[in-house]
Amino acid sequence: MANSPKSRLTELPRRQFIAATGAAICSFAAIGTTSVSAGSIPTKKRGKIPLGFDNFSIRAMKWNAGELLDFAGKQKVDSLLLSDLDVYENHQKNYLRDLATRASDLGIVVHAGTGSICPSAGRWNDKWGSPEEHLRLGIRIASELGSPVFRCYLGGEKDRRTEGGIQKHIDRTVQVLKKVKSAAIDANVKIAVENHAGDMQSRELVALIEAAGPEFVGATIDSGNATWTLEDPLENLKILGPHAVSSGIRDSTAWLTDTGARVAWNAVGDGLVDWVQYTDLFAKLCPGVPFQLEIISGFNKPFDFQKDEFWAAYPDVKAVDYEAFLRLARRGKPITAGGANDPEFQMKELLNSLVYCRDVLKIGNKAS
C-alpha cells in the first residue's frame, strides 16, 4: 500500500470514528444480556486474558497498519491481528521493524496474517506467488513484526461441496505446510490455521494440525465460524482450544427455519453464546492466547439441512456436534440484518464488544 498513515486519515474517517464512538457509548446500555445469566457475571478479572481485535472488524475504514496501530493504542488493547498482507505500505524489513517498535512502545502484540494457502481451494489467490512462497513471505513478515504466529486459512464452505470434499483440500494444505516446516521453526513462528467461513469443523482442523505437525502448526480459533459448520461455539472451543495460538472472536445467533436454520453473527454479548462460560474455558485451554475480536455483523446465512443434498458436504459430522448446534438454534429468534458494510456500524459493533469484554467479562490487561 503506497499511502502514508497520515494521508489515509481523511476527514471522512475521522467523522465516522467520532460518530461511531459516540454511538457505541450511547448504545452500550442496550446491549443484549442473553449470554450472561444473573449471578454468573464475574466480579474480578479472570486469568489475565489479553484483549485485542482483528483489523477485519473495521475493514470499511480502509486503514493501513500504522493507522490501525494508532487506533489500537487509543483503545488500550493488548493485541492486534493484521489479517491480510495488503494492510502494509510495503514488506521491507525496515518498515516492518518500525511497525514492531511502534507496537512494542504501545504495549501491543501484533499477530500477522493472510488468506488462503490451499492451492485447490476456491479462495486461493496467487498474488503472493505459490502457496510455499506465500507462506515463506508471511513467516518473514511475522518474524520482522515480532509476531509469534502467522494466521492463514484453507478456504470456505464451498470447498466442502467440491469433488473429493473438504478432505481433498485438507490433504493439499498439509502438503503445503510441510514444505515450510523448517522455515517456521527457525523463525519461531507458528502457522495458525483458522476454522474459516465454513471450511473445516473443529475436529477436521485438529486432524490437519496433527497431520502437518503440531510443533509448528496451531489453530486460529474462530467462534463465529463454528456456527457456519453446524457447531456450537462452546463445543468448538472444547475441541480446538488446546491447539489455539490465535483467535477471531464474535457472537452468533441461530434460529430454526422450515428448511433448516439461519445464522447471524453479532457483537459480543448480543447473541446466544454464554460468554462467562466461554471465557472461563478459554482461559484454561488457551493460556496466553489473545481474545481478538473479529466482529462481522449485519447479515445472516441459511443452512438448509432439512434438504437431503445438504448433507453431501458433511459426510462425517458427529451426531453429538450436530445436536449441540440444534440446541443453540432452538434458543434463537430471527434478527434483522443490515449495515454490514457501513463504517460507522462496524466501528460501533467493535467498540460495543470491547466495552462488553472489559466491563462485563472483565478481560484485558489494560485499564480502559
The lone condition Cys152 fails out of (1) free of Cβ contacts under 8 Å to residues at least 40 places away in the same chain; (2) crowded, with 17+ Cβ neighbours inside 10 Å is (1)
Failed condition for Asp98, given (1) out of contact with any Leu (no Cβ under 6 Å at 6 or more places or on another chain); (2) within 20 Å of Gln201 (Cβ to Cβ), with all others met?
(2)
For Ile221, are the conditions met, namely being modelled with pLDDT of 95 or more and in a strand (DSSP E or B)?
yes
Suppose we filter Glu215, Glu235, Glu231 for residues that are of a type in the set (D, E, K, R), closer than 30 Å to Ala183 by Cβ and in contact with a helix residue (DSSP H, G or I) (Cβ under 9 Å, 6 or more places away or on another chain); which single one remains?
Glu215
Within segment 224-267, how many residues are assigned to a helix (DSSP H, G or I), buried (at least 24 other Cβ atoms within 10 Å of the Cβ) and either in contact with a Leu (Cβ under 7 Å, 6 or more places away or on another chain) or aliphatic (A, V, I, L, M) (or both)?
3
Looking at segment 267-288, can you tell me whether even one residue there is in contact with a Cys (Cβ under 7 Å, 6 or more places away or on another chain) and under 26 Å from Gly52 (Cα atoms)?
yes
Yes or no: segment 80-88 includes at least one residue that is more than 30 Å from Ala367 (Cβ to Cβ), in a helix (DSSP H, G or I) and either touching a helix residue (DSSP H, G or I) at 6+ places or on another chain (Cβ under 8 Å) or basic (Lys, Arg) (or both).
yes
Could you say whether any residue in segment 95-107 is surrounded by 23 or more Cβ atoms within 10 Å (Cβ to Cβ) and touching a residue at least 60 places away in the same chain (Cβ under 8 Å)?
no
When segment 147-192 is examined, which residues are found to be touching a helix residue (DSSP H, G or I) at 6+ places or on another chain (Cβ under 9 Å) and among the β-branched types (Val, Ile, Thr)?
Val149, Thr162, Ile166, Ile170, Thr173, Val174, Val176, Val180, Val189, Ile191
Name every residue in segment 301-330 that is out of contact with any helix residue (DSSP H, G or I) (no Cβ under 8 Å at 6 or more places or on another chain) and among the basic types (Lys, Arg), in order of residue number.
Lys301, Lys307, Arg327, Arg330
Of the criteria (1) of a type in the set (Lys, Arg); (2) surrounded by 24 or more Cβ atoms within 10 Å (Cβ to Cβ); (3) free of Cβ contacts under 8 Å to residues at least 60 places away in the same chain, which one Arg140 fails:
(2)
Return yes when Lys6 is surrounded by fewer than 19 Cβ atoms within 10 Å (Cβ to Cβ) and either among the acidic types (Asp, Glu) or at pLDDT 95 or above (or both) and no when it is not.
no
Among the residues of segment 160-194, write down those that are surrounded by 15 or more Cβ atoms within 10 Å (Cβ to Cβ) and among the small types (Gly, Ala, Ser).
Gly165, Ala183, Ala184, Ala187, Ala192
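The values are calculated or read from the model by the stated rules, or taken from the named source; none is laboratory data. Not measured: the values here are computed from a predicted model. Please note: Cβ atoms are built from the backbone with ideal geometry, for glycine as well, and neighbour counts cover all protein chains shown.
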